[in-house]
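Please read the structure below before turning to the comments.
The values are calculated or read from the model by the stated rules, or taken from the named source; none is laboratory data. Please read these numbers as outputs of a predicted model, since none were measured by experiment. All Cβ positions, glycine included, derive from the backbone under ideal geometry; neighbour counts span all protein chains shown. Ligands, DNA and RNA are stripped out before the accessible areas are found, and what is left, the full protein with its side chains, is counted by its heavy atoms. Shrake-Rupley method; radii C 1.70, N 1.55, O 1.52, S 1.80 Å.
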Amino acid sequence: MNPAPPSPGRSPGRLRRSAHTGPGAGGGRAAPQAPAGRARKRLGPRQEGGRHHLSPSPAPHRQHRAPSPLTGPRRPLGPSPRGCLCRPRSPHGAGPGRGRPRLPAGGAGWYGPLPWWRRRRAGGGSGGSMAALARLRARLPALREECFRRNRCVDEDRKIKYKAAVKIQSWFRGCRVRAYLRHLNKMVICIQKRWRGYQSRRYFRKIVKTAYFIMKMNFYNEMAVRLKSVRSFWTESGVNKGRMWHLIGTLSALEIQKRWRGYYVRKYIHNYYALKKYLEAVSVNNEIVRNELQEYAEMNEKEKKKKDQEKKEKEKEYQARKMHYLLSTEQIAGIYNSPFRKSPDPMELLLRQSKPLSHRRQQVKSPFRDELYDWPTCTRPPTFHAGESLPPIGRQKPQGPFRDTAEVLRQRYMPLEPTLRVAASIDSPLEKARVEMKRGEWRNHIHDNEFLPFSSYHKNEKYDLSIHRSGKYGQETYGIKHFREVQPNKWVTGKDFQTVLPSIVLFEKFGKTYSRCGQIV
Amino acid sequence: MSLLRPLLLDVVPTIQQTAALALGRLANYNDDLAEAVVKGDILPQLVCSLSEQNRFYKKAAAFVLRAVGKHSPQLAQAVVQCGALETLAICLEDFDPGVKEAAAWALGYIARHNSELSQAVVDAGAVPLLVLCIQEPEIALKRIAASTLSDISKHSPELAQTVVDAGAIAHLAQMILNPDAKLKRQVLSALSQIAKHSVDLAELVVEAEIFPVVLTCLKDSDEYVKKNGATLIREIAKHTPELSQFIVNAGGVAAVIDCIGSCRGTVRLPGIMMLGYVAAHSENLSMAVIVSKGIPPLCTCLVEEQEDHIKAAAAWALGQVGRHTPEHARAVAVANVLPTLLSMYMDTHSSEDLQVKTKRALKNILQKCTYLPALEPLLHDAPPNIMKHIVGQFSKVLPHDSKARRLFVTTGGLKKVQEIKAEPGSLLQEYINTINNCFPEEIVRYYSPGYSEILLERVENYQPVL
């Protein structure tokens with residue numbers, strides 16, 4: 001961001017240019033186009049806006065260059081001095097931002113003018129070339145000296161000029177940087193002052209608010225004190241409400257709060273009237289409930305009494321029916337109908353009303369009824385068909401070798417009498433036998449302790465008191481002297497019954513088939 | 001035992017049943033015998049054959065299991081370990097109601113002991129079957145099923161929740177109307193065991209619309225029905241103020257008060273506690289108790305009952321009623337119950353619990369009591385820690401009420417206050433000073449002890465001016 005300094009680039013360039021225009025102009029004579037071209041070319045970059053790399057600006061005058069005292073007459077020099085003369089200058093094309101270095105047209109520029117022999121040829125052409133050569137040869141030593149002298153001068157100059165350039169540049173840069181810093185400083189000051197102003201205004205606003213608030217509170221509290229005294233004065237003096245309203249605007253905060261809180265609590269939290277109503281409703285409700293419960297209790301009692309009474313009456317009736325024989329007859333007065341009484345006893349009347357109890361046999365429970373239900377295999381009692389089914393009425397015996405109808409029907413409706421094998425359960429006999437054996441073992445054991453091989457195993461055994469030996473009063477005889485009651489004189493046989501009878505199929509059919517074989521005649 | 005064991009496997013079924021019955025009766029009588037039955041290895045046999053045999057055998061075997069299981073948790077555990085629970089649960093599905101009853105009874109006795117056994121019964125899947133049993137028409141079966149459900153649900157909230165999830169509450173609530181007294185006892189006990197555990201369960205019970213029907217149970221002729229009904233209402237009322245409010249709105253407080261008035265003995269206890277719980281929740285409810293005329297029965301309970309724990313409960317309830325505001329304390333004090341409380345506190349024969357409860361009740365009531373005529377009699381025989389509350393109350397009321405001051409003097413209270421010895425700087429001394437400052441100096445001096453001697457001394461030392 002370099003502001004365009006007032007282009008000092010011109011003067012040094014001009015300075016230099018003026019130092020070097022001689023040979024340049026000399027080269028320009030040889031190639032008239034070249035300086036013009038050079039100048040033209042140089043104008044371009046100049047117009048681009050001022051490079052500070054101090055490009056040499058073309059001379060305003062192009063054609064005629066006065067021979068400078070330094071260079072003497074314009075003499076074309078070899079390429080090398082020209083080249084070294086031109087070296088300190090920054091090359092034309094190497095400026096920043098420039099494009100390719102542009103060679104002046106024709107190659108003659110300050111890079112290197114045309115070599116002497118070319119120039120010579122371009123310029124002259126005729127005339128004694130040998131003479132020219134001799135002349136040139138004569139000039140050669142002087143030329144060398146001249147060259148050295150020029151270089152030395154230039155070298156001495158160069159240092160001075162270099163230092164000068166550096167000084168100028170540093171001063172200039174310093175100027176620019178200082179300007180920049182000044183500028184920055186100005187900016188910073190601007191921002192900071194704005195910001196600080198803002199902060200302090202904020203703070204100020206806050207302070208003002210609090211001060212205002214404190215003032216207000218003090219004012220209100222003062223008013224409250226004043227108000228209380230004033231109000232008491234006013235109520236005592238009976239001033240009307242209008243004047244009171246006037247003061248409401250200046251009521252203190254505390255007053256307002258007091259009133260509001262009292263109102264709120266009385267209305268919503270401890271609403272006295274609502275509570276009162278509620279309690280009244282509760283007592284009314286309680287009365288109703290108590291009455292209802294009283295009625296219920298009375299009803300219950302009545303029911304109970306009634307039930308007891310009915311029960312008693314039923315008892316009496318039953319007794320009367322049982323003792324119906326105590327009824328008095330025409331001849332003999334019964335117990336309850338004493339002739340000395342005015343009217344018969346109520347029992348007598350009861351006896352008269354009641355029907356005698358019939359000698360109905362009590363329902364004897366058949367000994368088989370329950371047990372038959374309990375047999376695992378037989379779940380219904382065997383129905384013995386009671387009575388024979390009646391034969392059909394008035395049927396003529398059908399012709400032919402038919403049996404008697406009654407017999408047929410009897411056979412047809414004979415109930416199922418399954419064989420033992422069918423009636424037995426589905427489980428295989430092997431399973432049953434196994435279970436049976438296990439049960440038998442379990443049953444027959446006196447105790448379940450297994451036999452232990454050595455007596456040392458029994459050492460730490462605790463003796464279990466058997467219950468039927470440890471009675472309260474010593475040993476009991478039950479379990480030792482006698483077990484169940486046993487009456488051998490009632491036994492039918494001396495041996496035990498066999499538990500399972502083998503079934504003989506033929507014998508089971510006995511009496512159940514049509515054929516009469518085996519029947520006793 | 002070794003003789004009965006083979007009989008269990010007898011061929012004749014009647015013998016089997018009779019043997020089982022005998023075993024059951026033996027085990028029922030004594031727990032040593034029950035232990036012998038267990039040791040004799042009979043239970044596995046019973047359990048095995050239970051599944052195959054007929055209903056009489058099943059009844060007898062269930063009777064044996066019940067008899068063994070009822071004595072102690074260890075025996076019940078032995079029964080459970082035999083795998084009896086599954087078999088009993090199968091018996092619950094039997095057609096015969098007698099079998100169901102015996103099985104339910106056995107399960108109930110097993111579940112009664114502790115929560116692990118109850119959990120084992122529940123894990124055997126007995127609860128839905130019991131709920132089905134409740135719906136059966138036979139009364140005995142209903143009774144036993146209700147009692148078993150009550151025993152299961154009393155141990156923990158999870159068990160109660162299991163019972164509730166099986167849908168028991170609706171059926172139990174319907175059975176409250178049944179006229180049979182013993183059934184009502186069990187049903188009310190079951191509902192109260194369910195409701196006691198948490199607010200949600202109590203709300204579920206209330207949602208089954210037992211109010212106001214359950215109030216009729218409080219008027220039943222059977223004592224235990226009344227007691228269990230009061231227990232149920234107490235378990236519901238103790239959880240939250242909303243539930244108590246609901247009960248008050250349904251007229252429950254009046255019914256309970258009548259119930260207390262009509263019973264004697266431990267039957268009253270749940271009713272007293274219920275009033276205490278209701279009054280403890282808030283001052284409006286306490287006022288509702290007072291308005292329903294609850295204080296006189298509580299006072300009569302306090303005075304009449306012989307047992308200390310009932311007296312303690314009555315004292316506690318009175319404390320809860322009177323502790324809220326001066327109005328409440330006045331209502332309690334007017335019933336002339338404070339001297340009774342004080343005498344109970346001072347009585348050396350009272351149990352510690354009773355003393356603690358009366359002291360707390362007295363303290364709570366006295367801190368709010370501004371009814372001075374009731375406080376006067378207490379001045380004379382209160383111990384120091386109670387005295388400071390009484391004197392404190394006087395010191396609060398006397399500065400503002402001139403008539404009360406006059407009464408205070410005429411009834412001899414001021415004299416009594418002067419006689420109290422208090423350490424200087426203690427709270428009691430401050431109260432006494434406040435009271436003394438309410439009166440003119442002459443009268444304070446007049447009543448101070450030893451004043452007559454001082455006066456007489458002055459008389460003696462007086463030199464008459466001739």
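For the reader, a short list of remarks on this structure follows.
- Scope the range B:81-100; condition out of contact with any Asp or Glu (no Cβ under 9 Å at 6 or more places or on another chain) and open to solvent by less than 50 Å² (accessible area, probe 1.4 Å); matching residues: B:Cys82, B:Gly83, B:Ala84, B:Thr87, B:Leu88, B:Ala89, B:Cys91, B:Leu92, B:Asp94, B:Asp96, B:Val99
- A single member of B:Asn336, B:Asn385 is of a type in the set (S, T, N, Q) and in a loop (DSSP other than H, G, I, E, B), and it is B:Asn336.
- Unique residue being within 20 Å of A:Leu350 (Cα to Cα), assigned to a helix (DSSP H, G or I) and either in contact (Cβ under 8 Å) with a residue 12 or more places away in the chain or hydroxyl-bearing (Ser, Thr, Tyr) (or both) when the list is A:Tyr318, A:Tyr296, A:Tyr278: A:Tyr318
- B:Ile210 modelled with pLDDT of 95 or more and either within 13 Å of another protein chain (Cβ to nearest Cβ) or surrounded by 18 or more Cβ atoms within 10 Å (Cβ to Cβ) (or both): no
- B:Ala76 surrounded by 24 or more Cβ atoms within 10 Å (Cβ to Cβ) and more than 25 Å from B:Cys133 (Cα to Cα): no
- Residue in the range B:54-70 that is surrounded by fewer than 17 Cβ atoms within 10 Å (Cβ to Cβ), farther than 23 Å from B:Leu172 by Cα, of a type in the set (Ser, Thr, Tyr) and in contact with a helix residue (DSSP H, G or I) (Cβ under 8 Å, 6 or more places away or on another chain) present: no
- Enumeration of residues in the range B:35-65 that are assigned to a helix (DSSP H, G or I) and of a type in the set (Val, Ile, Thr): B:Val37, B:Val38, B:Val47, B:Val64
- Residue within the range B:159-167 that is open to solvent by 10 Å² or more (accessible area, probe 1.4 Å) and outside any helix (DSSP H, G or I) present: yes
- Answer from A:Thr477, A:Thr493 - the residue that is farther than 21 Å from B:Gly40 by Cα, of a type in the set (Val, Ile, Thr) and modelled with pLDDT of 75 or more: A:Thr493
- B:Thr216, sole failed condition from (1) at pLDDT 95 or above; (2) surrounded by fewer than 24 Cβ atoms within 10 Å (Cβ to Cβ); (3) not hydrophobic (A, V, I, L, M, F, W, C): (1)
- For the range B:427-466, a residue qualifies if it is open to solvent by 80 Å² or more (accessible area, probe 1.4 Å), touching a residue at least 12 places away in the same chain (Cβ under 8 Å) and not in a helix (DSSP H, G or I), and exactly one does: B:Pro449.
- Qualifying residue in the range B:357-370 (condition: open to solvent by 10 Å² or more (accessible area, probe 1.4 Å) and not in a helix (DSSP H, G or I)): yes
- Matching residues, the range A:427-439, being at pLDDT below 80 and more than 14 Å from chain B (Cβ to nearest Cβ): A:Ser428, A:Pro429
- Qualifying residue in the range B:139-151 (condition: within 14 Å of chain A (Cβ to nearest Cβ) and surrounded by fewer than 24 Cβ atoms within 10 Å (Cβ to Cβ)): no
- Qualifying residue in the range A:330-349 (condition: within 14 Å of another protein chain (Cβ to nearest Cβ) and among the aromatic types (Phe, Trp, Tyr)): no
- Considering residues of the range B:300-318 that are touching a Ser or Thr at 6+ places or on another chain (Cβ under 9 Å) and among the β-branched types (Val, Ile, Thr) only, the residue least open to solvent (accessible area, probe 1.4 Å): B:Ile310
- Number of positions in the range B:344-378 that are within 21 Å of B:His324 (Cβ to Cβ) and charged (D, E, K, R): 5
- Residue match in the range A:455-471 (condition: touching a Leu at 6+ places or on another chain (Cβ under 9 Å) and within 14 Å of chain B (Cβ to nearest Cβ)): yes
- Residue tally, condition open to solvent by 100 Å² or more (accessible area, probe 1.4 Å) and either more than 14 Å from chain B (Cβ to nearest Cβ) or at positive phi (or both), over the range A:440-454: 2
- Residue match in the range B:115-130 (condition: in contact with a His (Cβ under 7 Å, 6 or more places away or on another chain) and open to solvent by 10 Å² or more (accessible area, probe 1.4 Å)): yes
- The range A:226-242, subset assigned to a helix (DSSP H, G or I) and surrounded by 11 or more Cβ atoms within 10 Å (Cβ to Cβ), residue modelled with the lowest pLDDT: A:Trp234
A quick yes/no check of all residues on (1) modelled with pLDDT of 90 or more; (2) closer than 21 Å to B:Ala126 by Cα; (3) in contact with a Ser or Thr (Cβ under 8 Å, 6 or more places away or on another chain); (4) within 9 Å of chain A (Cβ to nearest Cβ):
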{"position": "B:Pro13", "(1), (2), (3), (4)": "no, no, no, yes"}
{"position": "B:Leu21", "(1), (2), (3), (4)": "yes, no, no, no"}
{"position": "B:Ala34", "(1), (2), (3), (4)": "yes, no, no, no"}
{"position": "B:Asp41", "(1), (2), (3), (4)": "no, no, no, yes"}
{"position": "B:Ser51", "(1), (2), (3), (4)": "no, yes, yes, no"}
{"position": "B:Arg55", "(1), (2), (3), (4)": "no, yes, no, yes"}
{"position": "B:Leu65", "(1), (2), (3), (4)": "yes, yes, no, no"}
{"position": "B:Leu92", "(1), (2), (3), (4)": "yes, yes, no, no"}
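- Positions within the range B:1-27 being in contact (Cβ under 8 Å) with a residue 40 or more places away in the chain, within 42 Å of the chain's Cα centre (by Cα) and open to solvent by less than 50 Å² (accessible area, probe 1.4 Å), in sequence order: B:Ala20, B:Leu23, B:Gly24, B:Ala27
- B:Lys293 falls short on exactly one of the conditions (1) touching a residue at least 40 places away in the same chain (Cβ under 8 Å); (2) at positive phi, and that condition is (1).
- Selection from the range B:181-207 of residues that are open to solvent by 10 Å² or more (accessible area, probe 1.4 Å) and of a type in the set (A, V, I, L, M): B:Ala181, B:Val199, B:Leu204, B:Val206
- Selected residue (criterion: farthest from B:Val127 (Cα to Cα)) from residues of the range B:168-207 that are more than 14 Å from chain A (Cβ to nearest Cβ), not in a helix (DSSP H, G or I) and not basic (Lys, Arg): B:Ser198
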